[in-house]
Amino acid sequence: MVSSLLLVTTLCFQTSGLQTAVNRSNITPDIPQPAVSLTPEMRGDIFMARKMYREAAEVYQTGPADSAVLANKIGIAYHQMLDMERAKKSYERALKLKPNYAEAINNLGTIYYAAQSYRRAITQYKKALRITPDSASILSNLGTGYFARKNYQLAFTTYQRALAIDPDVFEHRSTMGILLQERRVEDRAMFHYYLAKTYAKAGDIEHALIYIRKSLEEGFKEREKFNKDPEFAAVRKNPEFDQILTAEHKVI
């Protein structure tokens with residue numbers, strides 16, 4: 001999907017450049033401009049960027065019926081509309097067309113996660129990682145699956161692996177693309193504590209402080225962990241650390 005959007009941008013830029021060149025050379029500017037033909041995938045991607053998910057799904061379905069990529073993107077469009085049944089069928093169809101499609105396997109895992117079938121979600125994430133072991137997004141999802149099952153140590157270890165691959169993995173906000181990252185957790189205070197701990201261990205003080213504050217705003221009760229956990233040793237040297245811990249946080 002990203003490559004498709006970049007292609008549209010490139011073509012538009014080249015067309016604009018051609019018109020500028022014509023004007024500058026004083027050639028009669030009635031030369032026909034090359035038409036930019038948008039494929040159903042490109043058009044669907046544009047609707048996704050505008051958060052027009054129903055329209056995106058409809059346009060994607062006008063594309064090749066044997067495209068695993070389109071089947072996966074149709075699933076994501078339905079997923080964004082919270083139509084989990086159709087999303088699941090689309091992901092499964094993508095996998096019939098391309099059994100080793102790691103992104104569709106991951107997305108199927110997010111369906112199970114949404115249904116609170118965390119064990120099955122973890123199974124899918126692990127299956128996807130056997131195909132693409134260096135996917136930070138899938139590792140992030142696997143960590144969240146472990147977190148949902150309260151296996152916090154495994155979640156913490158998995159989050160560290162994800163962050164080592166992509167320092168921005170937990171900051172991604174795009175609703176487009178071919179792979180979904182799961183963000184929904186029941187205990188957000190504990191979740192933000194572990195993200196703070198993950199960033200602190202990685203030496204990212206700025207993000208560690210952000211998530212310490214978020215955990216406290218979400219009602220995290222074990223403040224002493226920030227003073228005792230060895231991962232926060234470097235964070236404790238930052239003047240902002242004491243300000244955050246001593247402040248009164250209105251629980252959101």
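The residues in the range 201-252 that are among the aliphatic types (A, V, I, L, M), in a loop (DSSP other than H, G, I, E, B) and under 22 Å from Arg161 (Cβ atoms) can be counted, and the count is 3.
When the test is whether a residue is modelled with pLDDT under 95 and within 26 Å of the chain's Cα centre (by Cα), Gly219 passes it.
Here is a yes/no grid of residues against (1) farther than 24 Å from Gly203 by Cα; (2) among the β-branched types (Val, Ile, Thr); (3) modelled with pLDDT under 95; (4) assigned to a helix (DSSP H, G or I):
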residue: Arg130; (1), (2), (3), (4): yes, no, no, yes
residue: Lys150; (1), (2), (3), (4): yes, no, yes, no
residue: Phe156; (1), (2), (3), (4): no, no, no, yes
residue: Gln160; (1), (2), (3), (4): no, no, no, yes
residue: Thr175; (1), (2), (3), (4): yes, yes, yes, no
residue: Ile178; (1), (2), (3), (4): yes, yes, yes, no
residue: Gln181; (1), (2), (3), (4): no, no, yes, no
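Residues in the range 68-87 that are touching a Leu at 6+ places or on another chain (Cβ under 7 Å) and of a type outside the set (A, V, I, L, M): His79 only. All conditions in (1) within 30 Å of His207 (Cα to Cα); (2) surrounded by 19 or more Cβ atoms within 10 Å (Cβ to Cβ); (3) not polar (S, T, N, Q) hold for Tyr91, with the sole exception of (1).
Number of residues in the range 48-73 that are surrounded by fewer than 19 Cβ atoms within 10 Å (Cβ to Cβ), within 19 Å of Ala94 (Cβ to Cβ) and either among the β-branched types (Val, Ile, Thr) or modelled with pLDDT under 95 (or both) equals 1. Elements of the type helices (runs of 4 or more DSSP H) sitting completely within the range 39-107 and holding at least 3 residues that are under 22 Å from Ser135 (Cβ atoms) and in contact with a helix residue (DSSP H, G or I) (Cβ under 6 Å, 6 or more places away or on another chain): these cover 40-49, 68-80, 84-97. Within the range 210-236, being touching a helix residue (DSSP H, G or I) at 6+ places or on another chain (Cβ under 6 Å) and closer than 17 Å to Val169 by Cα holds for one residue alone: Tyr211.
The values are calculated or read from the model by the stated rules, or taken from the named source; none is laboratory data. Since the model is a prediction, treat every value here as computed from it, not as a measurement. In this analysis, Cβ positions are derived from the backbone assuming ideal geometry, glycine residues included, and neighbour counts consider all displayed protein chains.
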